[in-house]
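Working notes for the structure below.
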Amino acid sequence: MEQAEIQRRRAELERRLAGRTVPAELAGTAERHGGRPAYSDRVDGEWRTLTWADLRRRALETAAGFAALGLRPGEVVALMMPNRSEHVLADLGAVHAGGTPTTVYATLAADQIAFVAGDCAARYAVLDGRDQLDRWLPALDRLPDLRRIIVLDPAACPSGDDDPDGRFLTWDAFTELGRERLADAGHAAEIDRRWRAIAPSDDVTLLYTSGTTGDPKGVRITHSMVLHEAALVEDSSVLPEHPAGISYLPFAHIADRVLSYYLPIRLASHVHFCPDPAQLTTVLREVRPHSFFGVPRVWEKIMAGIQAVLAGEQDQAKKAAVEQALEAGRRYVAGQEYGNTADPGAAEAFERADAAVLTPMRALLGLDRVGQASSAAAPLPEEVARFFAGLGLKIFDAYGMTETTGAITANLADSFKLGTVGRALHGVELRLAEDGEILVRGATCTPGYLNRPEATAGLIDPDGWVRTGDVGVLDQDGFLRVVDRKKELIITAGGENIAPSLIENHLKEHPLVGQALAYGDRRPYVVALITLDGEVAPVWAAAHGIDTTDLAALAAHPLVLEEVTQAVEDANARLARVQQIKKWRLLPAEWTAESEELTPTLKLKRRIVHTKYTDAIDSLYEA
């Protein structure tokens, strides 16, 4: 697309959104669609629903509660809760009071919580229950700025002798305080003044993402950014009015924040919460959403389930009919891909297959109403996309990052190529640097990292281009393929961003461990290759009565393996669940510059290790 056209579209979108903020958008939606359902939670087996009018009223009450506790504009509220209405209410309440919410991953260890909450100087925290409290309590003595902690589960909230400083408050008591304050005209006027004073350039949230050093960085995301991203998604989607959706990814993940929070405010959507991913298939069948976003691992799991059912089908005639229908779906979708010519008979064959086989199959999955299926966080394997094409379901892969508020490229209904992440969205400037790095510039790009001027300078060049750290290839039609990453960052099949150096450094703190490589890119979990320290291991062995200095023999010795097992467990105790090592292998030789796994300055050559030890890595993912 010509530069002038990109600039024109961006200017047009900026005019549409001029002066808007999330509270103002919510006020308009509540006024126009107040009686429509907004968010539903399953409580005691039944769906409990808040309307858009309910949501705004309670958000204002929550804002009044924060103001009553002393929250000042610009201060940070940390949230650690699963997907539930109270999470949105706490977030919106902080925003309406002029504060900045940040959702903290529920799997973070105490040291990580202390770092994140300390980095943003969080003044308040809202936690779900006992599990979250157990993670926060060891960090509290390192968080002197934290004034109050609100706990949703009243049974878990410390009180009396367990709360000598009076720092804890139940969610019920907090929201009652907010209701009382908002009922007073003076306090109501103060909350109204606060949210109306918010500017589009103010931060609407902070999201922490791991960099290559393993130190989390707070990405500043503004009201303008999220509303621009929501508008881009709306303009590029095929959705009915007031669509139904499911929220199951953490709100610490930019994708679900956009799709289950900011975009629904614009569309007056109905979002159903699924806090337990194990229940996702059940909720899918109940809700039958109009759109569904799945990270690659979710789509892979659904595909595996279907394939297992098909493999167990004993009726050969039925099995053949399904295979024929899937082939018809693949041919039909392939003919619609950008640049392809449709097979004249493909549409008719698909219609027959869809009516007889494919629609019932999608209905069994709860995907029969899905008009917008999408994937991101890591590239969707093309074979997975082709499989779902057989079901008549086009999964539109997209590309983006937290620093760009999510998607900056996407496949669209009228222009898609499976195996790519699509083309730049309207108004987004995209180009490749000389080394192939993907650079982006647009209204959804962050102004920078909190408290990290050097990191911000490394992210954004003087002309405003964001360096993604990813290497891409653009084809002649402008479709992007992500082929590599400059930054050393694992993106698992579940979409989690993990800095491998953090894991490796924890492992190497044990004296027996010489080098370690954490791996998990596009895989369901993290594994590790570990080597012994060539100088320490023989000394340790002698001290433990082992009569050998040979590293290969030591790597197989039960006492050494027991000690390395403890080293892995100690590292895992300091890591979030998604970062923890599930399987590992102790290798029989050291890594050196001479053997090419290390640079002359003893830095790890990841690609060399990946290549040399492909079989070892693959074996760690075998059942």
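The values are calculated or read from the model by the stated rules, or taken from the named source; none is laboratory data. Bear in mind that the values here come from a model prediction, so they are computed numbers and not experimental data. Here the Cβ is made from the backbone with ideal geometry for all residues, glycine too, and neighbour counts use every protein chain on show.
Points worth noting:
- Region 402-434 - residue that is charged (D, E, K, R) and under 22 Å from the mean Cα position of the chain (by Cα) and, of those, nearest to GLY472 (Cα to Cα): ARG423
- Against the test of being in a helix (DSSP H, G or I), in the same structural domain as THR402 (by TED's automatic domain parsing) and at pLDDT below 95, the options ALA342, ALA347 yield a single qualifying residue, ALA347.
- Test: residue in region 578-597 that is in a helix (DSSP H, G or I) and exposed (fewer than 15 other Cβ atoms within 10 Å of the Cβ): no
- Note on region 48-79: among residues that are over 27 Å from the mean Cα position of the chain (by Cα) and among the charged types (D, E, K, R), the one that is surrounded by the most Cβ atoms within 10 Å (Cβ to Cβ) is GLU61.
- Of the residues making up region 144-176, just one is surrounded by fewer than 19 Cβ atoms within 10 Å (Cβ to Cβ), assigned to a helix (DSSP H, G or I) and touching a residue at least 12 places away in the same chain (Cβ under 8 Å), namely ASP172.
- Subset of region 5-23 (residues that are under 26 Å from the mean Cα position of the chain (by Cα) and not in a helix (DSSP H, G or I)): ARG20, THR21
- Residues being within 26 Å of GLU348 (Cα to Cα) and either modelled with pLDDT of 90 or more or exposed (fewer than 14 other Cβ atoms within 10 Å of the Cβ) (or both) - total across region 289-309: 3
- For beta carbons closer than 8 Å, sequence separation of 6+ or different chains, a first residue in region 442-469 that is over 21 Å from CYS120 (Cβ atoms) and a second that is of a type in the set (S, T, N, Q) and part of a helix (DSSP H, G or I), the qualifying pairs are GLY442/THR404; ALA443/SER224; THR444/THR404; VAL466/THR404; THR468/THR404.
- Scanning region 245-261 for residues that are farther than 16 Å from ALA53 by Cα and either in a helix (DSSP H, G or I) or assigned by TED's automatic domain parsing to the domain that holds ASP128 (or both) yields a total of 7.
- Meets criteria (at pLDDT 95 or above, buried (at least 23 other Cβ atoms within 10 Å of the Cβ) and over 26 Å from LEU17 (Cα atoms)) for ILE408: no
- For region 208-244, a residue qualifies if it is outside any strand (DSSP E or B) and among the hydrophobic types (A, V, I, L, M, F, W, C), and the qualifying residues are MET225, VAL226, LEU227, ALA230, ALA231, LEU232, VAL233, VAL238, LEU239.
- Within region 368-384, the set of residues being touching a residue at least 40 places away in the same chain (Cβ under 8 Å), surrounded by fewer than 24 Cβ atoms within 10 Å (Cβ to Cβ) and not in a strand (DSSP E or B) comprises ASP368, ARG369, VAL370, GLY371, ALA378, PRO379, PRO381, VAL384.
- Figure legend. Inter-residue proximity from region 41-59: first residues at pLDDT 95 or above, second residues of a type in the set (Lys, Arg) and surrounded by 15 or more Cβ atoms within 10 Å (Cβ to Cβ), beta-carbon distance below 9 Å, spacing 6+ or different chains. Indicated pairs: ASP41/ARG84; ARG48/ARG42; LEU50/ARG58; THR51/ARG36; TRP52/ARG36; ALA53/ARG36; ARG58/ARG179.
- Within the set GLU562, GLU488, GLU509, GLU590, the sole residue that is free of Cβ contacts under 8 Å to residues at least 12 places away in the same chain and acidic (Asp, Glu) turns out to be GLU562.
- Residues being touching a residue at least 60 places away in the same chain (Cβ under 8 Å) and either of a type in the set (A, V, I, L, M, F, W, C) or not in a strand (DSSP E or B) (or both) - total across region 397-410: 7
- Restricted to helices (runs of 4 or more DSSP H) entirely inside region 79-143, those with at least 3 residues that are closer than 25 Å to SER40 by Cα are 85-96, 130-136.
- Among residues of region 427-447, those that are surrounded by fewer than 19 Cβ atoms within 10 Å (Cβ to Cβ) and closer than 19 Å to HIS223 by Cα, counted: 1
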